[in-house]
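Below is one structure, written out as structure tokens; comments come after it.
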Amino acid sequence: MNIFRKKTGGRIDPSRLPRHIAVVMDGNGRWAKRRGLPRTVGHGAGAENFRAVATHCKEIGVEYLTVYAFSTENWKRPVDEVETIMELLEKYLHEAIGKMEKDRVKMKFFGDTTVLSEKLRRLIAETEEISARFEGVQVNICLNYGGRDEILRAAAQYAKDYAAGQTEPLTEKRFSNYLFSAGIPDPDLVIRPSGEYRLSNFLLWQTAYSEFYFTDILWPDFSPRELDRAISVFQKRDRRYGGV
């Protein structure tokens, strides 16, 4: 408890932590532009901040952290920016693999990874294979991910199974098992930095009853202290799930 207070400054209640936090890591390009720097520099700063926030989640006891790293729409960005994002991801995975035994962080990837480079696919497979035996915090990285695409893929797979003779009734629980997030609880708290007030095709199915926290702070400046502030706001919410 004393360690928890030291980490959070006593700002949040350890008994009421969100089990699953999801974050749209937005504002990297604008962060760089405001400093007269290339947008690619902002993505590097955002990647470093991701490490800090993920580490903080682990230290305070959050079970799941899901981050929106690259959407199905992000391919429309300039080629050099896309290449930088992919290079940063490769660098992060190389470093993560080297430290996984010590950090004990479980990692999964949501999205269509088949279009990524062979090198990146190998790193993803190795990361998931190593981390499969770990317990503790799980970091889910949404890469080439889109919420609508995920739902369409799930529906298509269910239709295929149905045609093959698996005719169990389609329920919400059954449908959820076809999603990338199968077996993972829905996010309790969704955080959107950068002053935008939209989901941007992020976890459309899973966020039906999530609480939302919006802030003008750009992602590279969204510190662990800001995360504690978001959790503190979440802990004041009355979650009724349609009840009274």
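Derivation of every value follows stated rules applied to the coordinates shown; laboratory data play no part. Just so it is clear, the structure is predicted and the values come from calculations on it, not from any experiment. When we count neighbours, we look across all protein chains shown, and the Cβ atoms used for this are built from the backbone with ideal geometry, even at glycine.
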Which shape class applies to the stretch 40-158: rounded if a/c is under 1.5, otherwise prolate when a/b exceeds b/c and oblate if not, where a ≥ b ≥ c are the square roots of the Cα gyration tensor eigenvalues? oblate
Ellipsoid equivalent to the stretch 103-231 - semi-axes via the Cα gyration tensor, in Å: 28, 20, 15
In whole Å, how far is the Cα centre of the stretch 59-114 from that of the stretch 13-41? 14
Using the Kyte-Doolittle scale, find the helices of the chain whose mean hydropathy is at least -0.5 and whose Cα atoms extend 15 Å or more along the helix's long axis, counting only whole DSSP H runs. 39-60, 79-103, 224-235
Histogram of C-alpha separations across the stretch 153-228, 5 Å bin width, %: 3, 13, 20, 17, 14, 11, 9, 6, 4, 3, 0
Placing +1 at every Lys and Arg Cβ and -1 at every Asp and Glu Cβ, with all other atoms neutral, what dipole size does the stretch 69-132 have around its Cα centre, in debye to the nearest 20? 220
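Please arrange 127, 113, 66 by how many other C-beta atoms lie within 10 Å of their C-beta, fewest to most. Walk me through the numbers on the way to the answer.
On the way: 127 23, 113 15, 66 26.
Sorted ascending by nearby Cβ count, the order is 113, 127, 66.
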Which one of 127, 15, 69 is farthest out on the positive end of the charge dipole of the chain, using unit charges on Cβ (Lys, Arg +1; Asp, Glu -1) and the Cα centre as origin? 15
Radius of gyration, Dmax [the stretch 17-89; alpha carbons; angstrom]: 13.5, 40
Given contacts defined as C-alpha pairs under 8 Å and at least six residues apart, what's the relative contact order of the stretch 52-137, whole-number percent? 39
Could you tell me which residue out of 242, 176, 47 lies farthest along the dipole of the chain toward its positive end? Charges go on the beta carbon: Lys and Arg +1, Asp and Glu -1, centred on the Cα centre. 242
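Rounded to the nearest 20 debye, what is the charge dipole size of the stretch 71-193 about its Cα centre when +1 sits on each Lys and Arg Cβ and -1 on each Asp and Glu Cβ? Before the final figure, lay out each step's value.
Values: 18 positive and 22 negative charges, 32 e Å.
Charge dipole, the stretch 71-193, about its Cα centre: 160 debye, nearest 20.
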With an 8 Å cut-off on Cα pairs and a minimum separation of 6 or more residues, tell me the relative contact order of the stretch 125-244 in percent. 22
Loop-only check: which GluC sites (Glu not before Pro) in the stretch 87-156 are DSSP coil with at most 14 other Cβ within 10 angstrom? 135
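Only bridges whose two residues both fall in the chain count here: according to DSSP, what percent of them are antiparallel, nearest 5?
0
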To the nearest 20 debye, what charge dipole does the chain have about its Cα centre, counting +1 at the Cβ of each Lys and Arg and -1 at the Cβ of each Asp and Glu? 720
Rounded to the nearest whole number, the per residue volume of the convex hull around the C-alpha atoms of the chain in Å³ is 146
Neighbour-count ranking [beta-carbon atoms within 10 angstrom, fewest first] of 20, 43: 20, 43
Holding the Cα-Cα limit at 18 Å, pick out from 58/102; 76/108; 106/236 the pairs that are longer than that. 76/108; 106/236
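Which order do 170, 203, 116 fall in if you start with the one that has the fewest other Cβ atoms within 10 Å?
Neighbour counts put them in this order, fewest first: 170, 116, 203.
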